[in-house]
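*Asks:* Structure provided below as structure tokens; questions to follow.
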Amino acid sequence: MPHLRVRGLAMDAVARLSKQLIPELAAITQSDEASYTLEWIPSQFFQQGEVATPLVMVEVLWFQRNETTQDALAACIRTHLTAETDNGIAVVFLALDKRGYYRDGRHF
């Protein structure tokens, strides 16, 4: 944990991100790289009935940390994404409650 879900970016770009982004995020959070997951979600954006240029959306599901850490993660993610796209970028943090998280049937 954390789990990053990426929309609006090509699958091969997300694969490239997994090589460089994850080690940097793990260093920022002082956690193991293996605890991170990166998920590509194919999507199509529309506005006013027409196909629209996608906004690259990254949702970060995680156990809440301090705002300084969150800001550092958002900046790191944005830096890596700007190397992959000229489209707008949104990074959204979704805090998970540890009491509601189970891994392999065990409470986290």
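The values are calculated or read from the model by the stated rules, or taken from the named source; none is laboratory data. For clarity, every value in this text was computed on a predicted model and none was experimentally measured. Cβ atoms come from the backbone with ideal geometry, glycine included; neighbour counts cover every protein chain shown.
*Asks:* Please count how many residues of the stretch 56-108 are at pLDDT below 90, small (Gly, Ala, Ser) and in a helix (DSSP H, G or I).
*Replies:* 1
*Asks:* Quick one: would you say Arg78 is closer than 17 Å to Leu38 by Cα and in contact with a strand residue (DSSP E or B) (Cβ under 6 Å, 6 or more places away or on another chain)?
*Replies:* Numbers: closer than 17 Å to Leu38 by Cα: yes; in contact with a strand residue (DSSP E or B) (Cβ under 6 Å, 6 or more places away or on another chain): yes.
Yes.
*Asks:* Hey, another quick one. Which of the residues belonging to the stretch 1-42 are among the charged types (D, E, K, R), more than 26 Å from Asp104 (Cβ to Cβ) and assigned to a helix (DSSP H, G or I)?
*Replies:* Those that are among the charged types (D, E, K, R), more than 26 Å from Asp104 (Cβ to Cβ) and assigned to a helix (DSSP H, G or I): Asp12, Arg16, Lys19, Glu24.
*Asks:* Can I ask one more? If you go through the stretch 1-35, how many residues are without any contact (Cβ under 8 Å) to a residue 40 or more places away in the chain and in contact with a strand residue (DSSP E or B) (Cβ under 7 Å, 6 or more places away or on another chain)?
*Replies:* 4
*Asks:* Restricting the stretch 15-67 to residues that are among the aromatic types (Phe, Trp, Tyr) and under 13 Å from Pro2 (Cβ atoms), which is surrounded by the fewest Cβ atoms within 10 Å (Cβ to Cβ)?
*Replies:* Selected residue: Phe63.
*Asks:* Of the numbered conditions (1) small (Gly, Ala, Ser); (2) at pLDDT below 95; (3) out of contact with any Pro (no Cβ under 9 Å at 6 or more places or on another chain), Ser31 fails exactly one; give the number of that condition.
*Replies:* That leaves (3) as the condition not met.
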